[in-house]
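The values are calculated or read from the model by the stated rules, or taken from the named source; none is laboratory data. All values reported here derive from a predicted model rather than from experimental measurement. Note: ideal-geometry Cβ built from the backbone for every residue, glycine included; neighbour counts use all protein chains shown.
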Amino acid sequence: MKKQTTLSQFEKIPPQALDLEEAVLGAIMSEKDAFDKVKLQPNDFYKIAHERIFLAIQTLHNEHHPIDMFTVVEELTKIGELENIGGAYVITTLVVKVSSAANLEYHALIIKQKSIARKFIAFSSEVQNMAYDASTDVSDMFEFVEKTFTNISTGSTGSDASNMEDSLTETLEYMQKIQSDAMNGVCTAIPTGLKELNKQLNGGWKAPDLIVIGGRPSMGKTQFAVHFSKFAGQSDNDCLFISIEMTKIQLVLRMITENEGLDYYRIKTGQLNAQEWQLVDDMVTLINKLKLHIADDYQIRYLANIKSMARKLSRQGKLKIMIIDYLQLIRTNMKFGTRDLEIGYITSELKSLCKELNIPIILLAQLNRPVKGTIVSSPKLDDLRESGNIEQDADIVIFPHRPSYYDPESKDDQGTSWKGRGGLIIAKHREGERDVRVLFRHDKTFKKIWDDNVTRPKDIPF
């Protein structure tokens, strides 16, 4: 049961608007469809009786039952709360007091503001207690502050368990939204830029998946990350690219030099002519439209900073997917017995962040180098460094593999050369088939990637 905030706790009267709480509850029970106009949760109400009444109303709404003073009284009786709120007389009084629901949304907004203010008061008090406690680790306090601030800003509530009825209702609403979006031409997933990969991943990247892209050196992990980030940003999905290994300038130069008329060496040595500068301008115009954020500061290698930046962008409504390059470079500032344990902690925390922010995270990971002089086979899960922890937390594991890198004369089962081609091996997929190979093509310098079953499309934007 929620404790009623007392005057002695704050030495001031907590922010509240009891008259407006009564007006909102009365209006919801008086006007059809009024509930859909308010963006409130039960704990936004200051008075406990009002919280219980709104909870009963919310239950009726979720079960698609009509909402009026009779059904609310019946629901409160059903859950044993009618006498606790003062009886049916209180419900009748709330409805009778309402003269109009014209200002319902404005009144609800004020109630929400008062609720947020109370949460900030409680939050600041808790932070002070942690700061005075000598046993509190400062990094733990920063984590608490960041996460709690995000929860308050986004309206997230504390952990709770749902019964099967509520879970089914939420699942059906999720299915209906996907169906509605699909019928209206709205993309239900974040496209990968490869049609066959989209197909295998049920449309593309989806929340709250943790996707591991594991590759040996020179297999193109970073280039795939750049490819995925561009197509995410191009499809109106804000992407955060955490670049621990490369600078933002290096990443943007990779995008610019995807134009075949531009040479990386000529850029780095300052030899561009007027025609080449025009090509640069064309690429800049194209890239400038992407919803892509790049973080390359030295401190971004620390897990706490990665989570903090993601939460900040999420609060601003500017985060739909995050890409991290790469796992083995992430640090925690914590002591672990082995690096294996630290990697396990990192992947577990990133999976939790996927669920917290409801986004997919693409995490690049380094594979073990093949033993020199041996025949290089296709990568498998065991090749992941600290593979047990990574495999356990990942929803999807994909391995880029280019046989021609190791053997220029290599051919596939059909006798077709692997030159300019490769495969994305889906080694793990919680919601799909595993050990599937999606073929792709690439240019000579591995600047561009496209589907294998088509000639190089002229309309590839990059």
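The table below lists the values:
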| quantity | calculated |
| --- | --- |
| Single residue of segment 214-259 satisfying the filter (hydrophobic (A, V, I, L, M, F, W, C), part of a helix (DSSP H, G or I) and touching a residue at least 60 places away in the same chain (Cβ under 8 Å)) that is farthest from Lys320 (Cα to Cα) | Met255 |
| So Ser218, is it touching a Cys at 6+ places or on another chain (Cβ under 8 Å) and polar (S, T, N, Q) | no |
| Asn333 under 18 Å from Met141 (Cα atoms) and either β-branched (Val, Ile, Thr) or over 21 Å from the mean Cα position of the chain (by Cα) (or both) | yes |
| Flag for Leu18 being touching a residue at least 60 places away in the same chain (Cβ under 8 Å) and either touching a helix residue (DSSP H, G or I) at 6+ places or on another chain (Cβ under 9 Å) or in the same structural domain as Lys78 (by TED's automatic domain parsing) (or both) | no |
| Filtered residue count, segment 178-206, keeping only those that are under 20 Å from Gly233 (Cβ atoms), free of Cβ contacts under 8 Å to residues at least 40 places away in the same chain and out of contact with any Cys (no Cβ under 8 Å at 6 or more places or on another chain) | 6 |
| Residue count, segment 305-330 (criterion: charged (D, E, K, R) and more than 18 Å from Phe142 (Cα to Cα)) | 3 |
| Test: residue in segment 274-295 that is in contact (Cβ under 8 Å) with a residue 24 or more places away in the chain and among the acidic types (Asp, Glu) | no |
| Subset of segment 79-123 [exposed (fewer than 12 other Cβ atoms within 10 Å of the Cβ) and either in contact with a Phe, Trp or Tyr (Cβ under 9 Å, 6 or more places away or on another chain) or part of a helix (DSSP H, G or I) (or both)] | Glu83, Tyr89, Val96, Tyr106 |
| Qualifying residue in segment 201-212 (condition: over 20 Å from Gly317 (Cα atoms), charged (D, E, K, R) and not in a strand (DSSP E or B)) | no |
| Subset of segment 260-278 that is of a type in the set (Asp, Glu) and in a loop (DSSP other than H, G, I, E, B) - its residue that is surrounded by the fewest Cβ atoms within 10 Å (Cβ to Cβ) | Glu260 |
| From the options Arg315, Arg311, Arg339, Arg331, residue that is in the same structural domain as Thr192 (by TED's automatic domain parsing), in contact with a Ser or Thr (Cβ under 8 Å, 6 or more places away or on another chain) and surrounded by fewer than 21 Cβ atoms within 10 Å (Cβ to Cβ) | Arg315 |
| Qualifying residue in segment 61-82 (condition: hydroxyl-bearing (Ser, Thr, Tyr) and within 37 Å of the chain's Cα centre (by Cα)) | no |
| Filter result for Gln200 (modelled with pLDDT of 90 or more, among the polar types (S, T, N, Q) and farther than 25 Å from Lys289 by Cα) | yes |
